[in-house]
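Written out below as structure tokens is the structure these notes cover.
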Amino acid sequence: MNRYFSSALLNQVFSSCLADFHSAALVDTEGQPLYIKYQNLTDIGTYPAATATSSQYIKLADGEIVILNDPYSGGAILSTMTLIMAIEVPFGPRKIDITPIYLSTRVAFKPKTINSESVEQEGIRIPPTPIYQNGEMNLQLLQIINEHPQCPQNFSDSIQSAVQDMNLASERLKNDIQLSQVKFSKKNLIEFHNTAEERARSIVSEITIGEALTEVSLGNANEKLCLKVEVLEDKVIFDFTKTTPSKTLHLTDSAVIGACTGALLSCLNAELPMNAGVMRCLDVITPKGSMVNAKYPESVFLGLTDGVALVASTVIQLIGEIDPRRKIAQSGFSQCSVEVDFKQNAHYFESLESGVAASEDYHGLPGFDLWKRSHLTPSVETVEELLPIRIVSTGYRQNSGGSGHRKGGDGVTRIIEVLEDGQLTWAISPPKSKPEGVRGGKAASPAEIFIQSPGSSKEKLNLIGTRSIKAKDHIIMNSAGGGGFGELDRLTTGETY
Amino acid sequence: MPLEKAVQDFWQKAQIKDVSQIVLSLKGTQTVLKKRLGNAPAVIVTEGFEHWVDMNLPTPTQQFTLQPKRAISPLNPDLIFGLHERMDAKGNPIHKLNEKELEFLVSKLKMSQVETVSVCFLHSDKNSSHEVAVKKYFEEQGFQVFCSYETEISGNERERWLGAILNGYLESTVKDQIDQFHSLETMSPLRDKVVISTGQGLQPLHSTNFFSTLLGDVYLHSQVFLSRSSRSESLFHFGLEGCHLLPNPKKLQSLCLTDLGYVSATSPKHKVLSWSFTQPLKTLFWGMGQQVKESIGYEPGPMCFGRGLQPTLLDLFFLEGLLVEIPAVTEFLNKKCHSRIYDALSSMIKDLKQEFLDKDLLQSTLRLALFELASEVSLISHPVFSGPLAKAMKLALEKHYGLEGIQLIEDFQFPSLAALKSLKGGSLK
């Protein structure tokens, strides 16, 4: 069988198997991802890391499942649970003709705490733990987790539903591999990875060779994100040496790998699957103890949300300097998040999407998170039915995108009225600078959050904080716009680049 | 072929004498929506939510990109108006309607020469009184009005609002299609016998749910299937352009997935397959020719018709000899196209470091193209195929994936009107 054909067919098998999942991955026993269906940047790097860590400590038989959420074991933020199932795929008539792989998926719950000193305050932390063995759920374990005060709502039902989906996917995978007639041996998986690597390198080689470096200050003189990007003939190196620790942003190294990979792929303007072969086109160097390779017990919520977006945004800026054809302005990267805790465990969480940067040929898209694949925002009616809030208005934040020959995308504005007293927590990640325009394009408006009580004027909040809030108070959230590209009157002045 | 001639030919061949009813299924609605050929209505929403519909439009690409795009909106931003009204989550009014505001809106719309209005308020599923009042006011001023409470109540505001908006968007083009049909010489004397097939069943012309005409063929296929099926079977319909699956024709669904997102609309449970015979092939990541999502239709069409420049899935079937006995396409085939199509397929793999023989290239490309469908069919215990290209598909899946036991409906007999099932309470009764 021609290897390009068999690899393309295997890729379709993997894609079909994961079709019904929001986010999932198939990883081989060497920790090499075969296919990642990612929802965000963090997914890309952490799925293989989670699988590698759990298989190091726990040996799973066919169909058995482990649960974890610990970011230091390859998990994402603590409100997202990772489930990993072993699948033994037969490729021949003998009992030993089996290739084991892992299917992994995530169940995301509403995030709870966004400002914390330690990861332990961000939610219940679960190391790799068997949850499904011998065809049965470990209901006792589920119950224990359910009763933990930091356990998310509907935890048990959601996990059991995910386990059912994984069982169906496992059957589908085995059925489809047989249907494809591709021999699912280790040798063929190695060939699959090598073919993917060969194809990916030919696409990466289209980027101009060169290097660029930058330092991003996080507002505090001692806190810097330092990055040097080096584009070689068919490979890219991301070197974060000299990056300092930070008091607010902490990322795991696997999340940084995800950020660099996702950002690189977005610059290529080609549709690439996410697998080990593609990921071999990059090297990522992250010094231990720095903000891009944080250690336990640093809190990770901001790092694995806004922090990965900051890294991706920095990668894109540097690639744009190396290869001017790929130059774009700066998109807003802070999620502009708020949460309100009411009595009786009612919890509201909101994060607004920013405007997208403009480029040479396109205006920026308003209110769009570049680094999320699912963009469905919760229904206004559903939120109001479930929580003591009223959404007064939501829409694009007029003229918040940077002006220019190509205008940056506008951010989003949302006004919320709380109907009961509660505790408000908010975060706009550093740096607080405006998303910059390029080549004469203007900077966009930065993110901001206000509180307004009845009869009072608006009060602008600091970047991060927490305070009590009263019934009838309004929370006004404005996300950042995207930077503009090119001077506004470039056409009339006849200037070119 | 002009429509008049096509209808006359059909009338003669079928030797139709007495007509009790004519069921019209409008395929054009799909094209109008897909190519955004409708007319944007004025949209009146709860104040503060003027951008809400556009903000929730999906993105076609599933990959990270620096130039993302949303689905093209059916709305004209100059025709979206916020009205100062509000219900709370229980349907209690917080802000009441103001007639002066309605007066002002009417004058504005008349100046813009708008004739159709879609009314979309929050929580109208719990309390529709504001929408009802606005509808009455605007109808008295001569406007055609569609309200979100009139669509299926099962959806949230996004789904209901899209339902009302798309009814307004499609109204004039659907009416034009019906008028065109009525004006035919053969049809003129029979106008009062015409009903429209929609996702909810047969509807008289004056009360047609315009968006639901998109689902008319799904309803008809489910009826044919139900009239002959005695077992639990799933029907795959392979049309000349689109293909769909009816996994259980007795069940209903209340949301319809479009490229604008989910829309509140009832129909028999179905899934539009991401497979179409007019999908073009392009060199994708693995260096092989594989189909891309967007179909190119029949203008100019596949290469085997002698006009197109891009190879399509239909061209692969042509090379395999699977179209020989398919009346719907045989007369259009240009038998001299073989080498052109092979050249196009070969040029797709020029970067690969391994060679293919022509025959192997065709087999591999076709197997890749069929895999997703084969996987879907293999999961179903009693698959049944129907449609003009069903026979070709059956042969292809048997040959390339060894899928046996597929039944074919070659003779698509529509049941008697008396036997048609109505849609009630979540299933076909």
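Annotations for the structure displayed:
- For B:Val174: the one exception among (1) assigned to a helix (DSSP H, G or I); (2) of a type outside the set (Ser, Thr, Tyr); (3) in contact (Cβ under 8 Å) with a residue 40 or more places away in the chain; (4) surrounded by fewer than 20 Cβ atoms within 10 Å (Cβ to Cβ): (4)
- Test for B:Val32: is it open to solvent by less than 30 Å² (accessible area, probe 1.4 Å) and touching a residue at least 40 places away in the same chain (Cβ under 8 Å): yes
- For A:Phe238, the requirement of being of a type in the set (Phe, Trp, Tyr) and at pLDDT 95 or above is met.
- A:Tyr47 satisfies every condition listed in (1) within 14 Å of chain B (Cβ to nearest Cβ); (2) open to solvent by less than 10 Å² (accessible area, probe 1.4 Å) except (1).
- In region A:290-331, residue farthest from A:His405 (Cα to Cα) [restricted to those that are part of a loop (DSSP other than H, G, I, E, B) and within 14 Å of chain B (Cβ to nearest Cβ)]: A:Asp323
- Residues of region A:387-424 satisfying the condition of being without any contact (Cβ under 8 Å) to a residue 24 or more places away in the chain, among the small types (Gly, Ala, Ser) and either touching a Leu at 6+ places or on another chain (Cβ under 8 Å) or more than 9 Å from chain B (Cβ to nearest Cβ) (or both): none
- Scanning region B:73-96 for residues that are farther than 30 Å from A:Pro366 by Cβ and more than 12 Å from every other protein chain (Cβ to nearest Cβ) yields B:Pro93, B:Lys96.
- Single residue of B:Gly199, B:Gly163, B:Gly155, B:Gly168 found to be within 14 Å of chain A (Cβ to nearest Cβ) and within 30 Å of A:Val380 (Cβ to Cβ): B:Gly155
- Members of region B:240-269 that are farther than 23 Å from B:Asn56 by Cβ and modelled with pLDDT of 90 or more: B:Cys243, B:His244, B:Leu245, B:Leu246, B:Leu252, B:Pro268, B:Lys269
- Options A:Leu272, A:Leu282, A:Leu264: the member that is under 30 Å from A:His193 (Cα atoms), modelled with pLDDT of 90 or more, surrounded by 24 or more Cβ atoms within 10 Å (Cβ to Cβ) and not assigned by TED's automatic domain parsing to the domain that holds A:Asn40: A:Leu264
- Selection of region A:342-360 for residues being in a loop (DSSP other than H, G, I, E, B) and more than 7 Å from chain B (Cβ to nearest Cβ) yields A:Phe342, A:Lys343, A:Gln344, A:Asn345, A:Ala346, A:Leu352, A:Glu353, A:Ser354, A:Gly355, A:Ala357, A:Ala358, A:Glu360.
- Matching residues in region B:185-234 - criterion: being hydrophobic (A, V, I, L, M, F, W, C), modelled with pLDDT under 85 and surrounded by 17 or more Cβ atoms within 10 Å (Cβ to Cβ): B:Met187, B:Val224, B:Phe225, B:Leu226
- Residue count for region A:361-386 under the criterion of being open to solvent by 70 Å² or more (accessible area, probe 1.4 Å), facing chain B (nearest Cβ under 7 Å) and not in a loop (DSSP other than H, G, I, E, B): the result is 1.
- Output for region B:324-379, where each listed residue is within 14 Å of another protein chain (Cβ to nearest Cβ), buried (at least 18 other Cβ atoms within 10 Å of the Cβ) and part of a loop (DSSP other than H, G, I, E, B): B:Ile349, B:Leu352, B:Phe356
- Qualifying position, being touching a residue at least 24 places away in the same chain (Cβ under 8 Å) and in contact with a His (Cβ under 9 Å, 6 or more places away or on another chain), among B:Phe138, B:Phe121: B:Phe121
- Residue, nearest to the other protein chains (Cβ to nearest Cβ), within region A:13-37, restricted to residues that are out of contact with any strand residue (DSSP E or B) (no Cβ under 8 Å at 6 or more places or on another chain) and surrounded by 20 or more Cβ atoms within 10 Å (Cβ to Cβ): A:Ser16
The values are calculated or read from the model by the stated rules, or taken from the named source; none is laboratory data. The structure displayed is predicted, hence computed values, not measured ones. We place every Cβ from the backbone using ideal geometry, glycine too, and count neighbours over all the protein chains shown. These area figures cover heavy atoms from the full protein model, side chains too; ligands, DNA and RNA do not enter into them. Shrake-Rupley method; radii C 1.70, N 1.55, O 1.52, S 1.80 Å.
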